[in-house]
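First the structure, in the form of structure tokens, and then the observations on it.
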Amino acid sequence: MPFYLKTKEDLSEFDKYKSVLIVPCRFCPAASSAVQNNEPYIELFRKFLKTDSYEKYIKQLKSDFERKGIRTEVFKSKLLHQFVLCMWTSKRRKKLSERAEKYDALIVLGCEAAVQTIQESVISNSCEVFQGLGTEGIMSIQPKFKLPGNISLDLQSVTPLQLKEV
């Protein structure tokens with residue numbers, strides 16, 4: 001039951017910062033991107049465990065910040081157990097905290113739980129944490145397997161959520 005997340009069009013709140021670290025979750029946002037763009041969630045033999053449409057979004061976001069003169073980096077996770085941001089280990093959180101010291105702001109590409117995880121991880125830092133995606137609800141999806149190893153997600157419905165503002 002992944003969250004259905006939408007990109008935010010207006011990111012002008014970052015214009016006042018000199019540096020931004022992009023912290024992506026690779027589960028719900030990737031599933032949402034695949035569904036919204038009608039593209040595969042996983043292309044096992046082409047991209048392995050990365051969702052192409054989501055990777056393009058991250059690359060575009062980074063490029064948009066850099067075009068505005070904002071130094072930007074993506075906090076990458078290479079191991080499978082690090083893909084779901086709200087389930088990071090203490091070691092992963094510490095690594096983020098150390099990296100975050102070099103940035104004015106962090107943009108979290110994930111749900112409210114992902115944002116909370118990041119806020120708790122960088123509590124001793126002076127950087128600000130922002131949610132870069134809006135949570136619209138919980139997706140009901142049906143996976144579809146297509147040769148040569150692609151998994152697509154067929155959106156059945158989105159159950160809206162009533163979230164309180166943080």
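Values in this text are rule-based calculations from the coordinates and carry no lab data. Bear in mind the structure is a predicted one, so any value in this text is a computation, not a measurement. With ideal geometry, Cβ positions are generated from the backbone for all residues, glycine too; neighbour counts draw on all protein chains shown.
Beta bridges per DSSP, both residues in the chain: antiparallel share near 55 percent.
Of the labelled options (1) 66, 30, 24; (2) 46, 36, 33; (3) 71, 30, 29, which one gives Cα extents along the principal axes in Å as computed for this structure? Only one option fits the structure, namely (2). For the chain, take the longest principal axis of its alpha carbons; what is the angle in degrees between that and the long axis of helix 52-67, to the nearest 10 within 0 to 90? Once rounded, the angle reads 30 degrees.
Tilt of helix 90-100 relative to the longest C-alpha principal axis of the chain, in degrees (0 to 90, nearest 10)? Between helix and principal axis, roughly 60 degrees. A cut-off of 5 Å between modelled amide H atoms, ignoring neighbours fewer than 5 places along the same chain, links residue 137 with 4, 161. Please compare each pair in 16/50; 68/91; 8/50; 16/91 to a cut-off of 28 Å on the Cα-Cα distance and tell me which ones are over it. Beyond 28 Å between Cα atoms: 16/50; 68/91; 16/91. The peptide list 119-131, 86-98, 14-26, put in order of mean Cβ contacts within 10 Å with the highest first, becomes 14-26, 119-131, 86-98.
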